[in-house]
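Encoded as structure tokens, the structure appears first; notes follow it.
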Amino acid sequence: MTTPGAAEFDWERVVPRIVNPTKVAIIELLRHDQRPLSAARMRRLITEVRASQAQMNYHCETLLKAEVLEEVSAPPDAAANERFFCLAPQ
């Protein structure tokens, strides 16, 4: 038995609905900047999407759980509660 719609599945229609632009922006920023950043610093640097601080924290946390990001030590100039992230080794 085949699933209805399996043969004509349209990835071009589906991918924009399931891939989050904020997550993509975070990954691209870390790829190009090549230094650890906190969610707050990412929010200031990312201009192509608008996200609240809570949304940035959420997206960083979900990327961390998905092993796309890893948490690293904060630099000396960081606030006490800032968590820093970089891309996880693939």
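The values are calculated or read from the model by the stated rules, or taken from the named source; none is laboratory data. Because the structure is a prediction, the values reported are computed rather than measured. As a convention, Cβ positions derive from the backbone with ideal geometry for all residues, glycine included, and neighbour counts pool all protein chains shown.
Overview of values
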{"quantity": "Selection status of HIS32, in contact with a Ser or Thr (Cβ under 9 Å, 6 or more places away or on another chain) and not acidic (Asp, Glu)", "calculated": "no"}
{"quantity": "ALA54 closer than 25 Å to PRO89 by Cβ and modelled with pLDDT of 95 or more", "calculated": "no"}
{"quantity": "Any hit, the range 6-16, residues being in contact with a helix residue (DSSP H, G or I) (Cβ under 8 Å, 6 or more places away or on another chain) and either in a loop (DSSP other than H, G, I, E, B) or among the hydrophobic types (A, V, I, L, M, F, W, C) (or both)", "calculated": "no"}
{"quantity": "Candidates ALA78, ALA40, filtered to the one that is touching a residue at least 24 places away in the same chain (Cβ under 8 Å), surrounded by 13 or more Cβ atoms within 10 Å (Cβ to Cβ) and part of a loop (DSSP other than H, G, I, E, B)", "calculated": "ALA78"}
{"quantity": "Number of the condition not met by GLU61 [criteria: (1) within 11 Å of the chain's Cα centre (by Cα); (2) at pLDDT below 95; (3) surrounded by 14 or more Cβ atoms within 10 Å (Cβ to Cβ)]", "calculated": "(2)"}
{"quantity": "Candidate set: the range 49-73, residues that are of a type in the set (Ser, Thr, Tyr) and part of a loop (DSSP other than H, G, I, E, B); chosen: the one farthest from CYS86 (Cα to Cα)", "calculated": "SER52"}
